[in-house]
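Scroll down for the structure; my scribbles are underneath it.
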Number of protein chains: 2
Amino acid sequence: MTDQPLLSNARSDRVKQVAALGRRAARDRQRRFLVEGPQAVRELLGYAAPAAEVLYVTESGAERHTELVDAARDAGVPARACTEQVLAAMAGTEHPQGVLAVARHVDVPLADALDAVGERGFAVVLTHVRDPGNAGTVLRGADAFGASAVLVSSASVDVYNPKVVRSTVGSIFHLPVSTGTPVPELLSACRARGIRLLAADGSGTTLLPDVDLAGPHAWVLGNEAWGLEPGVRDACDEVVAIPIQRAESLNLAMAATVCLHASGSTRRR
Amino acid sequence: MTDQPLLSNARSDRVKQVAALGRRAARDRQRRFLVEGPQAVRELLGYAAPAAEVLYVTESGAERHTELVDAARDAGVPARACTEQVLAAMAGTEHPQGVLAVARHVDVPLADALDAVGERGFAVVLTHVRDPGNAGTVLRGADAFGASAVLVSSASVDVYNPKVVRSTVGSIFHLPVSTGTPVPELLSACRARGIRLLAADGSGTTLLPDVDLAGPHAWVLGNEAWGLEPGVRDACDEVVAIPIQRAESLNLAMAATVCLHASGSTRRR
């Protein structure tokens, strides 16, 4: 911890500027976002420390998570002590558990994300995913099952939304994430690199076990309520359904989990 | 629709009695629960009509969902017209979309659920699942991938919680669900029937692709925050981990989805 004074004024300009990161307009303008809670901060410092700008900790947060204060110091990230009231005023979600960081955006250029897919990798494309929890779960699944990149279109939820960041549990720092490209350009760019586009859609005529997942491919996900846009579905190389017995359909996060697991399993063999 | 008068008094005893079903104590006492929204009501009337006691619909709900009013009539379930205010006062969740039913509990005796597993089936055991959305997703996955039964311990969330019912999207009516048995008895009962107990746990030493899923088995799920109780893990035949690359762990719903999908795939082959 630095010797700077305890931040105790919950209405200071600094607090307002951090709290503003709960809103997309401020995140886009500042190119910064909130990283809340010990687990997300740990992954930030472990995997993307150069993006970390400052760590805010309460007294009890610092006591419970001395390793985070140490990691910040080792990474040259200033740590500032603040009151519970200040941390609560800064936080975009309810329980930052005494620890909150401000970080610069960590997304990479689309070309870099596509480079990461290469000849053998796989990616996931979020075309119109709007629910923060779903986007976070998809990022987490991509990370868990070894995807090479996550491509988030400009029509999907902002990945720097505090709810997305929280629900990724750090995965957002583990693999290349590209953001802000319109859906058609995203699909064209994949195609130009020879990345096979697989639409995940219950209406698909190809069943998941019959798909060749050996080459570079990307799972293309639609909207949680209305699915894939017809134009997007038509632009994909295959429309793939997961064989199911009875339920009307799986939700988006479940379908993405199964598809990403299948791709990951192919690579483990 | 019946010729009975429009229910318009949001403070009537009837409305209070229905609204009370948002609370567990009243559900347990009355052995009834709320089924909210057109999709859940459709599945209730299609798969478990004998459990349906009454359908409440607003004018606009009846116009948008004439098929539900017809289905209720065909099943001998009385339909009562009510105002938006009355329906909102009855509902346990925010948007019943003009349609709400009251149903008797649909769970089956544990022995019946185990009979359904038989020689070839598989089940899922919720030991300490507390989040309604997770429980609903597990039920949905069990349904989608062809599980024979869902066994919910007395230490898990109440499956008749309106949030669980909503998030199952009707799956709760599609397959045998047993509730209310303490965890140790649940595990013993499975074992006595020759149902192999597979703990789903990131700490497992057996990897999912290496597990023999041909015979009768049950996936045993723990708590979303602290996982499986050590005693439960020890009581299982195998502790199974899903191979993952990078993320610290999958969340409970993701892990359950992958495990149930694996069991379902084995049976499709």
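Here B:Glu94 meets each of (1) farther than 17 Å from B:Leu44 by Cβ; (2) modelled with pLDDT of 95 or more; (3) surrounded by fewer than 24 Cβ atoms within 10 Å (Cβ to Cβ) with one exception, condition (2).
With the requirement that a residue be assigned to a strand (DSSP E or B) and within 25 Å of the chain's Cα centre (by Cα), what does the stretch A:207-228 give you? If you could, list the steps in order and put the result at the bottom.
Just the residues of the stretch A:207-228 that are assigned to a strand (DSSP E or B), to begin with: A:207, A:217-221, A:223, A:227.
Scanning the stretch A:207-228 gives A:His217, A:Ala218, A:Trp219, A:Val220, A:Leu221, A:Asn223, A:Gly227.
Kindly provide the set of residues from the stretch A:110-147 that are crowded, with 24+ Cβ neighbours inside 10 Å, in a loop (DSSP other than H, G, I, E, B) and within 12 Å of another protein chain (Cβ to nearest Cβ), ordered by number. Across the stretch A:110-147, the qualifying residues are A:Phe145, A:Ala147.
Quick one: A:Ser188 ticks every box in (1) more than 14 Å from chain B (Cβ to nearest Cβ); (2) touching a residue at least 60 places away in the same chain (Cβ under 8 Å) except a single one, so which number is it? Every listed condition holds for A:Ser188 apart from (2).
The number of residues in the stretch B:207-226 that are surrounded by 15 or more Cβ atoms within 10 Å (Cβ to Cβ) and either modelled with pLDDT of 95 or more or not assigned by TED's automatic domain parsing to the domain that holds B:Val150 (or both) comes to 11.
Could you grab me the full set of residues in the stretch B:191-216 that are away from chain A (no Cβ under 14 Å) and touching a Ser or Thr at 6+ places or on another chain (Cβ under 7 Å)? Steps first, answer last, please.
From the stretch B:191-216, those away from chain A (no Cβ under 14 Å) are B:191-199, B:201, B:203-206, B:212-216; that's our starting set.
Matches in the stretch B:191-216: B:Leu213, B:Ala214.
Scanning the stretch B:1-52 for residues that are charged (D, E, K, R), surrounded by fewer than 15 Cβ atoms within 10 Å (Cβ to Cβ) and over 16 Å from B:Ala81 (Cβ atoms) returns B:Arg11, B:Asp13, B:Lys16, B:Arg23, B:Arg24, B:Asp28, B:Arg29, B:Arg31. Do the conditions hold for A:Asp201, that is, is it at pLDDT 95 or above and of a type in the set (Asp, Glu)? Judged against the criteria, A:Asp201 is not a match.
Here B:Leu100 meets the list (1) over 16 Å from the mean Cα position of the chain (by Cα); (2) in the same structural domain as B:Val258 (by TED's automatic domain parsing); (3) crowded, with 23+ Cβ neighbours inside 10 Å almost entirely, failing just condition (2).
Each row is one residue, and each column tells you yes or no for (1) polar (S, T, N, Q); (2) modelled with pLDDT under 95; (3) under 15 Å from the mean Cα position of the chain (by Cα).
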position: B:Pro132; (1), (2), (3): no, no, yes
position: B:Arg140; (1), (2), (3): no, no, yes
position: B:Ser156; (1), (2), (3): yes, no, yes
position: B:Asn161; (1), (2), (3): yes, no, yes
position: B:Gly180; (1), (2), (3): no, no, yes
position: B:Arg191; (1), (2), (3): no, no, no
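Residue-level check: of (1) more than 10 Å from chain B (Cβ to nearest Cβ); (2) in contact with a strand residue (DSSP E or B) (Cβ under 8 Å, 6 or more places away or on another chain), A:Trp226 misses just (2).
Of the helices (runs of 4 or more DSSP H) entirely within the stretch B:57-100, those holding at least 3 residues that are over 16 Å from B:Val15 (Cβ atoms) occupy B:59-64, B:66-74. Of all the numbered requirements in (1) modelled with pLDDT of 95 or more; (2) under 18 Å from the mean Cα position of the chain (by Cα), A:Asp70 misses one, and that requirement is (2).
Residues in the stretch A:229-269 that are among the β-branched types (Val, Ile, Thr) and assigned to a strand (DSSP E or B) were compared, and the one that is farthest from the other protein chains (Cβ to nearest Cβ) is A:Val239.
Could you grab me the full set of residues in the stretch A:225-255 that are of a type outside the set (Lys, Arg) and under 15 Å from A:Leu197 (Cβ atoms)?
Going residue by residue through the stretch A:225-255, those that are of a type outside the set (Lys, Arg) are A:225-232, A:234-245, A:247-255.
The answer is A:Leu228, A:Glu229, A:Pro230, A:Gly231, A:Val232, A:Asp234, A:Ala235, A:Cys236, A:Asp237, A:Glu238, A:Val239, A:Val240.
For the stretch A:149-184, a residue qualifies if it is without any contact (Cβ under 8 Å) to a residue 60 or more places away in the chain, away from chain B (no Cβ under 14 Å) and not in a loop (DSSP other than H, G, I, E, B), and the qualifying residues are A:Val152, A:Ser153, A:Val164, A:Val183, A:Pro184.
The values are calculated or read from the model by the stated rules, or taken from the named source; none is laboratory data. Treat the numbers as computed from the prediction; the structure is a model and nothing was measured. Cβ: placed from backbone, ideal geometry, glycine included. Neighbour counts: every protein chain shown.
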